[in-house]
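Nothing in this text is a laboratory measurement; each read-out follows from the coordinates by a stated rule. It should be emphasised that the depicted structure is a prediction, and the values quoted were computed from it without experimental measurement. Every residue, glycine among them, receives a Cβ derived from its backbone with ideal geometry; neighbour counts consider all protein chains shown.
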Amino acid sequence: MWDFKHPSKSLLGSESRRLEGKRILLALTGSVAIIQAPALARKLMRLGAEVYSAMTPKARAMLNPELMEWATGNPVVTEITGKIENIAAFLKPPEGERPVDLMLVAPATANTLAEIAHGLYNDAVSGFAMAARGAGIPVILAPAMHLQLLSSPAVQRNLKTLRELGFEIVEPRIEEGKAKMADIDEVVEAVVRRLTPKTLAGFRFLVTAGPTREPLDPIRLITNRSSGRMGVALAFEALRRGAEVTLIYGPGSVKPPRDAKTIRVETAREMFEAALEELKTGEYHAFLAAAAMADYEVERPSPAKISTLQFKELTVRLRATPKLVDEVKKLRPEIFLVAFKAEYGVSLEGLREKALEKLRACGADLVVASDVSKPGTGFQAEAIDALIVNERGETLKLERMGKEEAAVEILNLVEERLKAKRGKPS
């Protein structure tokens, strides 16, 4: 046999190194959702994970195992042989190689859920699941089935048993009378969160994200180009590290994390009031003010639609909105404040000076400043090019990186400073 690297391995870490060095066993069962398996495997690989596959007989009938070998670059286990693959996968050195870090059953049918819940070893997937839990390896299950099956007392009882046994369930989407497997991004997020060390457990974070919209009349409004991607990425990263997160979210286009307490707002004044209320009533350790709040609001919005037939020219009076970051330290002097500043067409030194000016004005601990004029970065883009500045004027440059990667870098600094300055809460 030729000794060569499988071409699919070139995908490893192409998007990020979030799962670098991790081995994931992707187990497939006989649901039509199996058609998403190659895309799911490759998403995990792009985050750096090595992916191996196992399939039930029904899964093999619906999807050729060669497709999964093509997708992952690794042989597929379709039955447990004399090599006792389900035991070998979880043997720690020196008995075996580095073990599998996590098992993901996606999709998981009602039949497979029942087998695992009752400890039945009928095929490769149930055999792997039993051995994984016996070895203390986390197992995540992503159910997919008809809604009538999911709603049956037997399946609900099995899901309850599985949770009690330590299995994690990624809740399905209820659509068209079916309990469809959760979106690939949601399944991958469950994997990432489970494999991320809980270094921020016990901390509480308040995060603002997205734009605000200021009404001109009941139809028209003034807003900005923010998508909310940066703030939502920060909320996800804090949750991955075990923090409790409240997200105050304007009308952004990015789906917020399911496990955050999310407060939806529309205007800058609503965001201002919601944040102050949370700061007054909640024991937060950090406030990440990533929202692009409007600087101005219409002084007197029209109660009716403004007619272009009636007004050929229109003069609108604007007034400044209250500055949220200026109030944070007045209300909670001990909180760790990260402010964000967007500039347009400035030099690197100019950006640094603007960041320091904002930091001193509001008493922030860190300011993340970016020049949104750079192509492919800033508002609505997936990438950011920014400086992080602290109170001593020290800077860290985030040079054209994805906003999820930037969230990691920002949270690394926040975590380090939180623990050094205040100590980890009990």
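Worth a mention:
- Crossing angle, helix 184-195 versus the chain [Cα axis fit, 0-90 degrees, rounded to tens]: 80
- Residues Ser10 and Glu97, FRET efficiency given R0 of 25 Å [Cβ-Cβ distance, rounded to 0.05]: 0.65
- Degrees between helix 268-281 axis and first principal axis of the chain (Cα, 0 to 90, nearest 10): 70
- Helices in the chain, meaning DSSP H runs of at least 4 residues, each add -39500 (n - 2.57). Divided by all residues, the mean residue ellipticity at 222 nm is -10000 deg cm²/dmol.
- Summary value for the range 116-272: 17 percent relative contact order, contacts being C-alpha pairs under 8 angstrom separated by 6+ residues.
- Given charges at beta-carbon only (K, R positive; D, E negative), |dipole| of the range 228-385 in Debye: 300
- Highest to lowest packing among 146-156, 355-365, scored as the average C-beta count within 10 Å: 355-365, 146-156
- Pairs spanning more than 28 Å between alpha-carbon atoms, out of Lys198/Lys354; Lys5/Lys58; Lys58/Lys180; Lys261/Lys330: Lys198/Lys354; Lys5/Lys58.
- Rg [Å, one decimal], Dmax [Å, integer] - the range 264-322, C-alpha atoms: 16.4, 53
- Two-site FRET efficiency, Lys421 against Glu69, from Cβ-Cβ distance with R₀ of 60 Å, rounded to 0.05: 0.75
- Its Cα centre serving as origin, the range 7-195 has a Cβ charge dipole (Lys and Arg +1, Asp and Glu -1) of approximately 220 debye.
- Reported value for the range 116-218: 190 Å³ per residue, from the convex hull of its C-alpha atoms.
- The range 204-421: relative contact order as a whole-number percent, Cα under 8 Å and 6+ apart: 19
- Compared with the dominant principal axis of the Cα atoms in the chain, helix 37-46 is inclined by about 60°.
- The chain, dipole about Cα centre (Lys/Arg Cβ +1, Asp/Glu Cβ -1), debye to the nearest 20: 460
- Within the chain, DSSP assigns beta bridges of which about 30% are antiparallel (rounded to the nearest 5).
- Exposure proxy ranking, count of Cβ atoms within 10 Å, fewest first, for Ile116, Ile306: Ile306, Ile116
- Amide hydrogen neighbours beyond the local backbone of Leu398, cut-off 5 Å, H modeled: Ala386, Leu387, Ile388
- Among beta bridges that DSSP assigns inside the range 7-195, antiparallel share in %, nearest 5: 20
- Cβ-based charge dipole, the range 138-281, positive-most Cα from Thr262, Leu221, Leu234: Leu234
- Residues Ser370, Ser8, sorted so that the one with the fewest Cβ neighbours within 10 Å comes first: Ser8, Ser370
- Of all lysines in the structure, the ones whose alpha carbon falls short of 30 Å from that of Lys305, not counting any fewer than 8 places away in one chain, are Lys323.
- For the chain, the Rg and Dmax computed from alpha carbons only, in angstrom: 25.0, 84
- Centroid-to-centroid, using Cα positions, the range 258-299 and the range 80-146 are 43 Å apart.
- Extreme residue, positive dipole direction of the chain, given options Val298, Ser151, Pro138 (C-beta unit charges): Val298
- Residues of type aspartates and glutamates that Lys358 reaches as a straight line, Cα spacing below 15 Å, ignoring anything fewer than 8 places off in the same chain: Asp295, Asp326, Glu327, Glu343, Glu349, Asp371, Glu391, Glu394
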